[in-house]
Amino acid sequence: MSFFRCPLCAGPLAEGARSLRCRNGHSFDTAKEGYTNLLPVNQKHAKLPGDDKGMVAARRAFLEKGWYAPLREALCALAVEAAGPAPAVLDAGCGEGYYTAGVRDALLAAGKTPLMAGIDVSKFSLQKAAKKYPGIQFAVASAYRLPAAEESVDLLLNVFSPLAIDEFRRVLRPGGTYLYVVPAAYHLWELKQVLYDDPYLNEEKETPYEGFAYEQIVPVSYSIHLPVREDILALFQMTPYYWKTSQAGAARLEKLEELDCRVDFRVHVFRREDAGPAGSKEW
């Protein structure tokens with residue numbers, strides 16, 4: 001059986017040769033790269049939602065050079081500490097799978113046997129993810145309509161992705177862990193100083209969520225030196241700033257040959273308290 005549930009009726013999905021199918025006859029083809037599209041047309045907000053090919057390629061190129069490796073290492077350590085011997089792990093907004101695969105590998109190295117899954121609305125992200133990491137189940141799906149059973153997830157990852165707290169509460173088991181990564185105040189501050197005339201610091205806050213207990217907030221802060229224009233432009237293109245920057249700001253960035261920049265994250269660690277209000281059971 002697949003980790004995923006049918007997005008139309010919530011029934012279990014059985015794995016076929018090239019598809020997933022539920023008992024009610026709903027069938028979803030598996031792409032040649034290995035991911036399955038579980039995002040019904042009536043749940044799409046655009047023809048091709050999520051990150052486009054350029055943004056995905058830029059993020060893959062940047063991450064594979066290790067610039068954000070300390071964040072992945074922090075996530076891996078927290079995951080190993082939180083997870084039991086055979087955890088079900090869901091990355092809600094997995095992108096091209098960099099953090100998903102890192103956590104999977106860390107859990108395996110710790111002697112655990114995880115069931116790993118990742119979802120994202122961008123099919124371009126999942127083409128990259130599924131092709132490179134065949135041992136992980138990937139699906140095109142929305143975080144606001146997770147194709148997962150209630151209380152079926154032991155560890156939930158959310159790295160710079162939408163905060164669908166009702167769905168996260170629904171799918172996490174009591175005692176399960178939720179790792180929520182957000183940019184802290186000075187994240188990419190020097191990049192923003194180049195792009196904008198009046199840059200502002202990111203807001204930092206602690207927000208309690210019903211059904212979740214705050215465990216800790218883990219800071220991940222350091223500086224990077226980007227020595228070539230290629231890396232600077234990849235960082236720019238993988239961020240939301242790419243769509244929000246004026247031509248003048250982009251032109252200033254184009255002239256840079258190197259960049260020293262702060263990287264500033266916070267990992268908010270939550271524990272699912274109890275069965276509580278698990279959200280709507282209707283699909």
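FYI, it's all coordinate maths here, none of it is from the lab. Since this is a predicted model, take the numbers as computed values, not measurements. Methodologically, a virtual Cβ is constructed for each residue, glycine included, from the backbone with ideal geometry; neighbour enumeration extends over all protein chains shown.
Here are the numbers for the structure shown:
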{"item": "Tilt relative to the chain, helix 69-82 - C-alpha long axis, 0 to 90 degrees, to 10", "result": "30"}
{"item": "Estimated distance in nm for a label pair at Asn24 and Ala250, the labels positioned 7 Å out from Cα along Cα-to-Cβ", "result": "4.4"}
{"item": "For the range 6-120, size of Cβ-based charge dipole, Lys and Arg +1, Asp and Glu -1, in debye", "result": "300"}
{"item": "Filter on Lys192/Lys255; Lys32/Lys132; Lys128/Lys255; Lys65/Lys192; Lys65/Lys128; Lys112/Lys132 - keep pairs with C-alpha separation over 24 Å", "result": "Lys128/Lys255"}
{"item": "Span from the the range 89-159 Cα centroid across to the the range 204-224 one, whole angstrom", "result": "21"}
{"item": "Separation in nanometres of the label points that stand 7 Å from Cα toward Cβ, at Asp274 and Glu204", "result": "3.3"}
{"item": "Ellipsoid semi-axes in whole angstrom, largest first, where each is sqrt(5λ) of the Cα gyration tensor of the range 13-272", "result": "31, 22, 17"}
{"item": "Charge dipole of the chain about the Cα centre (unit charges at C-beta), most positive-ward option of Leu195, Gly97, Ser27", "result": "Ser27"}
{"item": "Whole-number percent relative contact order across the chain, with pairs defined as alpha carbons under 8 Å at least 6 apart", "result": "19"}
{"item": "Rounded FRET efficiency, nearest 0.05, which uses the C-beta distance separating Glu73 from Leu8 and R0 of 51 Å", "result": "0.85"}
{"item": "Spatial separation of Cα centroids for the range 160-176 and the range 63-79, in angstrom", "result": "22"}
{"item": "Calculated [θ] (222 nm, deg cm²/dmol) that DSSP helices of n ≥ 4 give over the chain, each run adding -39,500 (n - 2.57)", "result": "-8000 deg cm²/dmol"}
{"item": "Mean shadow area of the range 132-283, taken as a quarter of the surface of its Cα convex hull (nm²)", "result": "11.1"}
{"item": "The chain, dipole about Cα centre (Lys/Arg Cβ +1, Asp/Glu Cβ -1), debye to the nearest 20", "result": "1060"}
{"item": "Dipole magnitude of the range 130-246, debye to nearest 20 (Cβ charges: Lys/Arg +1, Asp/Glu -1, about Cα centre)", "result": "460"}
{"item": "Kirkwood hydrodynamic radius (C-alpha pairs) into Stokes-Einstein, the range 1-157, 37 °C and 0.692 mPa s, D in µm²/s", "result": "207"}
{"item": "Full-stretch length increase - Ala110, Ala86 - with 0.36 nm per residue and alpha-carbon distance subtracted", "result": "7.5 nm"}
{"item": "Förster radius 22 Å - calculated FRET efficiency between Asp166 and Gln193, Cβ distance, rounded to 0.05", "result": "0.05"}
{"item": "Tilt relative to the chain, helix 53-63 - C-alpha long axis, 0 to 90 degrees, to 10", "result": "80"}
{"item": "For the chain, with +1 on Lys and Arg beta carbons and -1 on Asp and Glu, the positive-most of Pro162, Ala109, Gly54 along the dipole", "result": "Gly54"}
